[in-house]
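Report on the following structure.
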Amino acid sequence: MSRDAAAGAALAIGIDLGGTSLRLAAYRGLEAAAGAAAAAAGPGGAPPVALTPVAHHREPVGEPRDPDTMVARIADHVARLVDAARAAGDADDDAVVPVGLGIAAMLRDHRGTVANSPHLRWRDVDLGARLAARLGPRHPLAIHNDVNAITYGEYGLGAAVGARDVLAVYVGTGIGAGLIVDGRLAEGASHCAGELGHVKVAWDAGAAPCACGGRGCVEAYVGGSYLLRRIRGELAGGAPSLARDLAGAAPVTVAHVDDAAGRGDRWALELWQELAPLLAIALGNALALLNPARLVLGGGVLSRTPVLVELTLAALEIAAPAAALEPLTIAPAALGDDAGLVGAALLATRDARPG
């Protein structure tokens, strides 16, 4: 087997560390699968590739979640996954196994220094140095922001296969984005590229406050935590809506509001008609600046609100320059919760490759 073929079939581990869950998966043949998908892609892309991990693990982050405790837990789980892969014949005893970690954090550098992770309550943590010391030289380590890892997973094996320039936008609890420019992940001078949630869409005295400390950020209007607070507050205040009936005894969600809007509910439809142009403005500005070939839309909010997405795309026809829309294809995220694991493992494999 050639060195390239051997590398393509090698084992790699992806890790997703958020505020709620710690997930790990060991994959074999990621690079070969990504290469085959890219070679087969047509102008509109290629079908997503479902690649089953040879070993995986998931557990709550829980407490304590201090850096030293988390590093020890991650290193122990990596060792167990590698042992399971070796027992199944998916890795040689002396194989180098790259490890990629996507973390819900703002990073300061390529060494994996965490500047701020509100969910983990970390500031100025040298995560990369600590974890690399525990893993040892047989596990080259790559650490990236979680949305960047998700974006790279969609680029390698998901909704963005075949595109060299990609904007992937995820609207969930907050709003994040990842950028692929000429086939490479773009993270910016201080690793803050893709902070689409903090694009300003309002700047008057009534602009909504954002957890970042600013006001008028699109996240403060359409981000899931802000949106749910508004929805439940207005309904508790007596706003008449079918969404309440659709939820029954359960708490009202964005999916209930979207369902109500699709049925012609006035309050739900007016809310979506207010918010869709704000998201379209942020997207349109990004398209004007970046001119990607593919726009991937995902996240817990957008995946549950087809009416909001339809209204946003209609507004995007006005918010984005026609020249930026002409080469653009828009696709829903395809890999679901696995995107970050796949992307982290692919990035680790790429970074560990000689040369």
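Bear in mind that the values in this text are calculations on the coordinates, not laboratory data. Treat the numbers as computed from the prediction; the structure is a model and nothing was measured. Cβ sites come from the backbone with ideal geometry, for glycine too, and all protein chains shown count toward neighbours.
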Net charge near Gly237: determine it from the other residues with C-beta under 13 Å of the C-beta of Gly237, scoring Lys and Arg +1 and Asp and Glu -1.
+3
In cubic angstrom per residue, the convex hull of the chain built on its Cα atoms measures 151
Quick check on segment 166-332: of the DSSP beta bridges with both residues there, what percent are antiparallel, nearest 5%?
55
Using alpha-carbon coordinates alone, the radius of gyration and Dmax of segment 159-300 in Å work out to 16.7, 51
Can you pull out the chymotrypsin sites (Phe, Trp or Tyr not before Pro) in segment 160-241 that DSSP calls coil and that have at most 11 other Cβ atoms within 10 Å?
Trp203
Rounded, prolate or oblate for segment 246-355? Axes are the square roots of the Cα gyration tensor eigenvalues, ordered a ≥ b ≥ c, and the cut-off for rounded is a/c under 1.5.
oblate
Segment 156-255: which trypsin sites (Lys or Arg not before Pro) are DSSP loop and have at most 15 other beta-carbon atoms within 10 angstrom?
Arg164
Using modelled backbone amide H atoms (1.01 Å from N, in-plane), which distant-in-sequence or interchain residues come within less than 5 Å of Ser21's amide H?
Val61
Roughly how many whole Å is it from the C-alpha centroid of segment 53-128 to that of segment 153-223?
24
